[in-house]
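Read the structure below first, then the notes.
None of the figures in this text is laboratory data; all of them are computed from the coordinates on show. Because the structure is predicted, anything quoted here is derived from the model rather than measured. With ideal geometry, Cβ positions are generated from the backbone for all residues, glycine too; neighbour counts draw on all protein chains shown.
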Amino acid sequence: MRNFAAATGLAFALAGTAAPSAQAAELVVGAFAHDVTFIGEAIGSGAPGREEGIDLHLGVRSEPIGYLFGKPQLHAFVSLNSENTSNFVAAGLSWPISVTERLYVRPGLGLAYTDGEAGLPAVNAPGLTPIEIARRLELYNSRIDFGSQILFQPELSVGYTLTRSLSAELSWVHISNAQIFHQGKNQGLDAAGVRLIYSF
């Protein structure tokens, strides 16, 4: 928990100081379904969901950074799971792309830190008692094994500007190690939900 709190503070500090022109410009609040499987199923690589609950996303975005390609915004947010399984904090960049005057899409990419499982014990290790096998099997079936606590965090949103200060987004957020932060297991988390954005 101490590491997670430190990572949260670092992510929000980076969003506020990483670029001289990047001042906090938006507050982001969202509710997401945790460990959804329909996206993976749609591309033929889905696995059954292991974790349950609803994720509360709380975050900030900076003003557009004019000297970077596409004028992205820095983002930082924390994701808190109602079942207290895999919480995470993330920071990165996202690019708002207008489709119409009010409709836009927003791809993004960042890094995340999770307090979820990273290295579950093997179920088939020799010499295990039946009780220990059952305990490990329960972990395997109920927890995501990220392999690493540092993860990539791509996301994609479709948004609509409701008023001058309020927007709503349908969003997908993914975290996994991408076989870069860890070799071997690459179980990931997909979350899908709705965000409300308040612009200062």
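Annotations
- Exposure proxy for Phe77, Phe200: other Cβ atoms within 10 Å of each Cβ, ordered fewest to most, give Phe200, Phe77.
- Ranked by how many other Cβ atoms sit within 10 Å of their own Cβ, fewest first, the residues Tyr67, Tyr113, Tyr198, Tyr104 fall in the order Tyr67, Tyr198, Tyr104, Tyr113.
- Computed over segment 46-200, the ratio Rg/Rh where both radii use C-alpha atoms and Rh is Kirkwood: 1.07
- ³J(HN,Hα), Karplus 6.51/-1.76/1.60, whole Hz, each residue of segment 174-180, x for Gly, Pro: 10, 9, 6, 7, 6, 6, 10
- For Ser199, Ser157, order by how many other beta-carbon atoms lie within 10 Å, fewest first: Ser199, Ser157
- Approximating the spin labels as points 7 Å out from Cα along Cα→Cβ, the Leu103-to-Ile180 distance works out to 3.2 nm.
- Label separation (Leu156 vs Ala125): 3.9 nm, computed from points 7 Å beyond Cα along the C-beta direction.
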